[in-house]
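Undergrad: Pasting in a structure now, in structure tokens, and then I'll have a few things to ask.
The values are calculated or read from the model by the stated rules, or taken from the named source; none is laboratory data. Predicted model only: the values in this text are computed from it and were never measured. Don't worry about glycine lacking a Cβ; one is built from the backbone with ideal geometry, like all the others, and counts go over all protein chains shown. The area values use the complete protein model at the heavy-atom level, side chains included, leaving out ligands, DNA and RNA. Shrake-Rupley method; radii C 1.70, N 1.55, O 1.52, S 1.80 Å.
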Amino acid sequence: MNGARPVIIAGNWKMNTTPDTAGGLAADIAAATTVQGVVRVICPPFVCLRAVREALQGTDVEVGAQNVHWEPAGAFTGEISAQMLVGLADWSIVGHSERRRDQGEDDVMIGRKIVRCMEAGLRPILCVGEQLDEREQGRAEATVRGQLDATIAEVRRLGIDLPSNLVIAYEPVWAIGTGKTARGSDAATMAQAIRTVLAENAVDAARIPVLYGGSVTSAAIDEFLNEPDIDGALVGGASLKVDEMAGIVARAGITAQARSGAAAGAA
Ligand code: PGA
């Protein structure tokens, strides 16, 4: 079943690198991660997109933004619209928990961002995930379901079907930047819950990649990629380190190969 879905490793550089340093780092990562069958995406800060795009020319590493605004244009000082990214990025992260926390983004705004991405031809990576107290109180799945339901409802309210090229990143908030990862089995259970919600919303859930994010390193990636329901990772801190990305993508390549072999065998 999961042979139908790509294995994806996306690096979220957050507020790191400058236009002077980003291209070199991106080129080094591209050169260190030439592994068959893994979709690689680098998401640098907006001002580094052009440098990264130029540095990655001639490679098949794709470029993503970290955010887009929920409106197409207008009086939104300091913001960046999806249309502004055409030609600079192929993907955009939306709904990252740091933006939910620091910019007060809610699921309605995030639903609109997905629509803006679709209009601009950007492939959205929608981040969902629970807080620590929600997990401790047994409400992790209910929280993620609530995020997805509200986001999808807003997309639908605008008269649009959820994009078939959507990617979901399950990122438990307590695991982001803390060095503490979820258990692979818990992430897989959540990925199944996510696909249940997608299927309820008439989305071809079996085709939607679900990534894990939160303190992923080359040492920690294994238990997530061992789970058939997890299709890769959204990597923060470790995505700024060439050796770490080399290790993570190499491990993802083993999964990609195994899954495409299994899919071919089943066909
Ligand atoms: P981290 O960040 O890998 O540094 O925990 C992941 C993310 O925020 O996407």
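Undergrad: So is E119 within 14 Å of the ligand (Cβ to nearest atom), open to solvent by 10 Å² or more (accessible area, probe 1.4 Å), closer than 22 Å to P209 by Cβ and not basic (K, R) or not? Lay out the reasoning, then the answer.
TA: Numbers: within 14 Å of the ligand (Cβ to nearest atom): no; open to solvent by 10 Å² or more (accessible area, probe 1.4 Å): yes; closer than 22 Å to P209 by Cβ: yes; not basic (K, R): yes.
Criteria not met by E119.
Undergrad: Could we say that A26 is assigned to a helix (DSSP H, G or I) and either under 18 Å from the mean Cα position of the chain (by Cα) or under 21 Å from H96 (Cα atoms) (or both) here?
TA: The answer is yes for A26.
Undergrad: Let me ask something else about it. Check whether at least one residue in the range 198-206 is assigned to a loop (DSSP other than H, G, I, E, B), away from the ligand (no atom under 15 Å from the Cβ) and at positive phi, and report yes or no.
TA: Within the range 198-206, one or more residues are assigned to a loop (DSSP other than H, G, I, E, B), away from the ligand (no atom under 15 Å from the Cβ) and at positive phi.
Undergrad: Now a separate question. Determine whether the range 208-219 contains at least one residue that is more than 12 Å from the ligand (Cβ to nearest atom) and in a strand (DSSP E or B).
TA: Yes.
Undergrad: Can you list the helices (runs of 4 or more DSSP H) found entirely within the range 98-182 that contain at least 3 residues being under 15 Å from the mean Cα position of the chain (by Cα)?
TA: So the answer is 107-120.
Undergrad: Scan the range 144-159 and tell me whether some residue there is away from the ligand (no atom under 16 Å from the Cβ) and under 20 Å from I8 (Cβ atoms).
TA: Filtering the range 144-159 down to residues away from the ligand (no atom under 16 Å from the Cβ) leaves 145-146, 148-159.
Right, trim to under 20 Å from I8 (Cβ atoms) and you get 148, 151.
Yes.
Undergrad: Same structure again: Those residues that are more than 20 Å from S92 (Cβ to Cβ) and of a type in the set (G, A, S), I need them from the range 1-22; list them, please.
TA: G3, A4
Undergrad: In the range 5-19, which residues are outside any strand (DSSP E or B), more than 13 Å from the ligand (Cβ to nearest atom) and not hydroxyl-bearing (S, T, Y)?
TA: R5, P6, P19
Undergrad: For the range 53-97, name all the residues that are part of a loop (DSSP other than H, G, I, E, B), away from the ligand (no atom under 13 Å from the Cβ), open to solvent by 40 Å² or more (accessible area, probe 1.4 Å) and of a type in the set (S, T, N, Q). So that I can check it myself, show each step before the final result.
TA: At the first step, the residues of the range 53-97 found to be part of a loop (DSSP other than H, G, I, E, B) are 56-61, 66-82, 87-88, 90, 95-96.
Filter again for away from the ligand (no atom under 13 Å from the Cβ), leaving 56-61, 68-82, 87-88, 90.
Narrowing the set further to residues that are open to solvent by 40 Å² or more (accessible area, probe 1.4 Å) leaves 57-60, 70-80, 87, 90.
Answer for the range 53-97, where residues must be part of a loop (DSSP other than H, G, I, E, B), away from the ligand (no atom under 13 Å from the Cβ), open to solvent by 40 Å² or more (accessible area, probe 1.4 Å) and of a type in the set (S, T, N, Q): Q57, T59, T77.
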